[in-house]
Amino acid sequence: MTEKSISHPLFDRGISHAGLKQVRERFTKLNHERLLRTRTALLPRQQIFLDLLPLLIHINHPILPGYKSANTPCGIDGYTPDELTLERVRSNIARSVQYRHDEQATPLIHSVFLMGSCGTVAQAEDSDLDVWLCHHNSIDELGLQRLYNKAAAISDWARSLGLDIHFFLMDSEQFRRGQRDRISAESAGTSQHYLLLDEFYRSALLVAGRYPLWWLVPPSEEVNYQEYTALLHAQGFVGPDESIDFGGVSDIPAGEFIGAGVWQLYKAISSPYKAVLKLLLTEAYARNFPNVVPLCIDLKEAVYRGEVSSDDFDPYIMVYRRLAEYLSSRNEFDRLELIRRAFYFKVGIRLSQTAGSAAPWRRKLLETLIAQWQWPPEQLLNLDTRSRWKIRRVRDEHRFLVAELTNSYRFLQDFAQQSNSPALIKSQEMTLLGRKLYAAFERKRNKVEWLNPGIAPDVSEEQLFFHTLGFGEQRRWAVSSSARHDFEHDAILQEHEHLSGLLCWCFCNGLINDYTQLRLNARQDGVSENDLREMARHLSGHLPRKAYAADPHKHEAFNRPKVPEAMLLYINLGQGALSSLGAAGLAKHNSSYPITHIEIVVINSWGEVSSLAFAGQEAIIDAFRVYQQLMLAASKASAAPIIDALCFNDPEQKLRKRVRHLPRLLHRAFYTQPKNKRVIIKLSNGFHILQTENDELRSIHAHSYSTLIQCLGRGQTSFSPVLMDQYCAPNSALASIVDTATTPDCYVFFHRRDDFADLFVRDERGSLHYTTAAFSNVNQLLLPLVLFLQRCRTEQAGKHQFRLFELHQQDNRWRSQALDLNELITKSPAEDTRVQLEAIAKTDSKGRLVFDMRYRDQHFSYDKAGPALFDQLASQLLLQETRPTHYQLDAINLSSQPPQQTCVYLRYKQHIEEILNTSVLSQ
């Protein structure tokens, strides 16, 4: 044992006050040197914060920064401000400040620590500082809130000095038990405990109050931490108010490496270089599991050996050396080079430039390392000009970083499987982090990739030039910072299938700022430079300028599933849809919506930006499908997404005004009760019936008005009312029928045409049946039909009502006039209400649906006669009638089949009557 070594066997009572004092003094000396380094790294006007921090927490004085209430918990164990501190208060804050030790209340603050890069080679002028405010566990919720408010006020004062300070209220007893606040943008929550403690013990600076009890536990006794500390207290080596105990770090569970790794992956979104260092350290630790030796133990061993050099045991240099040793042993020199760059950027000193006067010790330490790395001057110059890196260089660096993050993620997956240990992080916190990682790093078609998360401060360009490549379906848009017309591949910054997606990429990655000039290299496929700038202006009002996953203000959004926030439509870019219509304009166009090209940009609550495009006659139908899926997702949100459209080649904004009502129409159709509605719109290729099925939008195409009527007769599983777009056949009989038939009842409409009539039946589920019939008077036309419908309802056990309307056309518009159903029935002769002719459905031996027929008391069996049944029935009818007539079924019996809607009865009725009357005429 050397003269400086100190050994403390646990059970031989070899602990001595002198030995403990020596260890304490060594840690205190190292702590003091790093506090001085912290102070010298601050600007002169900022140093007062460090000088006054313990006093501001120790007392509540109305004139001091941070004062909120006289009842705020205060008083730091063992702290008394010296005269120099009080003089600084009087000379910089107020001369009237007085301090009397005997007037101070019982201390409720155990310790104040600085965390982070303070006092290390990585502390720069713009470094933020974390303050652990360790309080007594007896403070109630109100007291903690007051303490939090005071800390926030001190942070505000520090901000006025140019400092970024984050306070964390810590209860050491809760910390030892693993009780932590939930995860936030700045707090790791339950993702790590021992690893956070490891970082604390090797980097925290004691500003005032109790020192860490961990200092006094020899490295060899770390595994016996609880027993050893209990002995220190029991034998009186440590006073009750002298130390603070956060616990030991001997046994780091496997699950913690997983949670901590995911947390660092998240932190890499906004601070990739700092996070890569910590992530790789987690990997290096886990690779040696279960024989993990944390860096804080290395530090403690050095202190116990008497080695207290601030240079050799700088926390960040310790991290680098451990990583360099780890990667070198694995021959992973590309990763080592990335780690060196990350370390160099974290330190933030530009060695290619003349040395400044602040903190020369930091430069000296870094120069020593760079000499060992043998970096040439041009490499230093490249790294030192990172502030001027543009997107090409950023893309290369992003590729290295993502490869490293992907490698670490795979390692964590493999480690979790091999160790068979779940992550020691609450499941909801793991879900939140997973969502942020998904939003930031997941690559998928149509999603805009953010390339510059903390790599370079400004990649904006003074000018950007847009042009197209290829032809037809192979056409793509490209952007370049050069006006050259050869457009060599190395001049292109990015390509995209459509212009809106390319502009989104430029905005999200910072290539466009308020002063960037957007240029078009000649007119590109009908797109003008004015179109380009108009689209850019519109996008700039909606796009996020920062990835939400890296934005603390958007943290809460990731506690919920993602939902759409905005849908932007860019219609007919480069298409002369309306410009060629002349004076007739939109009103005379054969489509209600002359749209042949739509580009869509979607922004969701996680800040993901996606763009896609559709072309052709049914482009708007494709856009409707996107909208329907967005609204389905938005049903989980508290507010509907913003829908905004920009139409090109639309000088009088006629198309934009017409398009604007479509989201309201679709919302009314599919997201108000009843939800099983159908929407009809008219495009250049005919009519389209839109309806959702299994949460997907289906479209039925009808090329003509008559085909549309037929398509509306399709069966429905439940009541499905029809909505007609206001520009779709507004002056048609169908429009009047749709406006009138709004309830789940059975509506009968007829329109007289000399000696025949059009008949429409819109049944209880919304299906529409159309036929024609001879017309002599209303009673003869409607009574047989109404009686048939009533018999159907009886068999269906339905509750729907019957409503009669006559259609009239006047001044090129249709209206429906209601008729009295009861009057129609009561005026009819009794014999008209009897069932004379009935079809009875059954299934034959081959499983086919066939019909027996009954006329008065005679039965005609399909089993016996087969298809000749109708010839037999026709012969019998002709014997009973003096002259041929058009025979109608009085009833159809479908009781052997599953329940059917009325339109099914009507289709069978029409089919059987056609066969029967053809047989009659043939005889």
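The values are calculated or read from the model by the stated rules, or taken from the named source; none is laboratory data. Predicted model, so just to flag it, every value in this text is computed and none were measured. Note: ideal-geometry Cβ built from the backbone for every residue, glycine included; neighbour counts use all protein chains shown. Calculation scope for accessible area: heavy atoms of the full protein, side chains included, ligands and nucleic acids excluded. Shrake-Rupley method; radii C 1.70, N 1.55, O 1.52, S 1.80 Å.
Quick one: is Leu804 closer than 15 Å to Pro784 by Cα and buried (at least 16 other Cβ atoms within 10 Å of the Cβ)? I'd like the intermediate steps shown before the answer.
Numbers: closer than 15 Å to Pro784 by Cα: yes; buried (at least 16 other Cβ atoms within 10 Å of the Cβ): yes.
Answer is yes for this residue.
Checking Ser591 against (1) under 30 Å from Pro730 (Cβ atoms); (2) modelled with pLDDT of 90 or more: exactly one of these is not met. Which one?
Tallying (1) under 30 Å from Pro730 (Cβ atoms); (2) modelled with pLDDT of 90 or more, Ser591 fails exactly one: (2).
Return a yes/no flag: does region 147-170 have any residue that is in contact with an Asp or Glu (Cβ under 8 Å, 6 or more places away or on another chain), assigned by the TED database to the domain that holds Gly209, among the β-branched types (Val, Ile, Thr) and under 18 Å from His58 (Cβ atoms).
Checked against the condition, which is being in contact with an Asp or Glu (Cβ under 8 Å, 6 or more places away or on another chain), assigned by the TED database to the domain that holds Gly209, among the β-branched types (Val, Ile, Thr) and under 18 Å from His58 (Cβ atoms), region 147-170 yields at least one hit.
Of a type in the set (Ser, Thr, Tyr) and crowded, with 21+ Cβ neighbours inside 10 Å - does that describe any residue in region 473-491?
yes
If we only count helices (runs of 4 or more DSSP H) wholly inside region 858-923, which ones have 3 or more residues that are open to solvent by less than 20 Å² (accessible area, probe 1.4 Å)?
In region 858-923, the matching helices (runs of 4 or more DSSP H) lie at 869-880, 902-922.
Would you pick out the residues in region 692-719 that are of a type outside the set (S, T, N, Q), under 18 Å from Gly766 (Cβ atoms) and either part of a loop (DSSP other than H, G, I, E, B) or open to solvent by 50 Å² or more (accessible area, probe 1.4 Å) (or both)?
Within region 692-719, Glu693, Arg698, Leu712, Gly713, Arg714, Gly715, Phe719 meet the criteria.
Being assigned to a strand (DSSP E or B), modelled with pLDDT of 90 or more and either touching a helix residue (DSSP H, G or I) at 6+ places or on another chain (Cβ under 8 Å) or open to solvent by 20 Å² or more (accessible area, probe 1.4 Å) (or both): is that true of Glu495 here?
yes
Residues in region 389-415 that are in a helix (DSSP H, G or I), basic (Lys, Arg) and in contact (Cβ under 8 Å) with a residue 40 or more places away in the chain: how many?
The total comes to 3.
What do you reckon, is Leu432 assigned to a helix (DSSP H, G or I) and either free of Cβ contacts under 8 Å to residues at least 24 places away in the same chain or not assigned by the TED database to the domain that holds Glu462 (or both)?
For Leu432, the condition - assigned to a helix (DSSP H, G or I) and either free of Cβ contacts under 8 Å to residues at least 24 places away in the same chain or not assigned by the TED database to the domain that holds Glu462 (or both) - is not met.
Residues to consider are Asp51, Asp77; find the one that is touching an Asp or Glu at 6+ places or on another chain (Cβ under 8 Å), modelled with pLDDT of 90 or more and closer than 30 Å to Ile139 by Cβ.
Asp77
Could you say which residue among Asp77, Asp82 is of a type in the set (Asp, Glu) and in contact with a Gly (Cβ under 8 Å, 6 or more places away or on another chain)?
On inspection, the qualifying residue turns out to be Asp77.
Which of the residues belonging to region 804-823 are within 26 Å of Ala735 (Cα to Cα) and without any contact (Cβ under 8 Å) to a residue 60 or more places away in the chain? Full working, then the answer.
Our first condition is that a residue be within 26 Å of Ala735 (Cα to Cα); within region 804-823, this holds for 804-821.
Result: Leu804, Glu806, His808, Gln810, Asp811, Gln817, Ala818, Leu819, Asp820, Leu821.
Counting only residues that are at pLDDT 90 or above and closer than 19 Å to Arg658 by Cβ, how many does region 565-588 have?
Qualifying residue count for the region: 7.
Does region 436-465 hold any residues that are among the aromatic types (Phe, Trp, Tyr) and more than 30 Å from Lys562 (Cβ to Cβ), and which are they?
Across region 436-465, the qualifying residue is only Phe465.
So, of the residues in region 211-266 that are within 19 Å of His193 (Cβ to Cβ) and touching a strand residue (DSSP E or B) at 6+ places or on another chain (Cβ under 8 Å), which turns out to be most open to solvent (accessible area, probe 1.4 Å)?
Among them, the one singled out is Asp245.
Taking region 267-280 as the search range and keeping residues that are part of a helix (DSSP H, G or I) and open to solvent by 10 Å² or more (accessible area, probe 1.4 Å), which one is nearest to Ser328 (Cα to Cα)?
Of everything passing the filter in region 267-280, Lys278 is nearest to Ser328 (Cα to Cα).
Just to confirm my filter: which helices (runs of 4 or more DSSP H) fall fully inside region 282-372 and include at least 2 residues that are open to solvent by 10 Å² or more (accessible area, probe 1.4 Å), without any contact (Cβ under 8 Å) to a residue 40 or more places away in the chain and touching a Leu at 6+ places or on another chain (Cβ under 9 Å)?
Working: elements: 295-304, 315-329, 333-347.
Filter on region 282-372 gives 315-329, 333-347.
Identify, from the list Ser271, Ser243, the residue that is touching a residue at least 24 places away in the same chain (Cβ under 8 Å), over 30 Å from Asn452 (Cα atoms) and among the small types (Gly, Ala, Ser).
The match here is Ser243.
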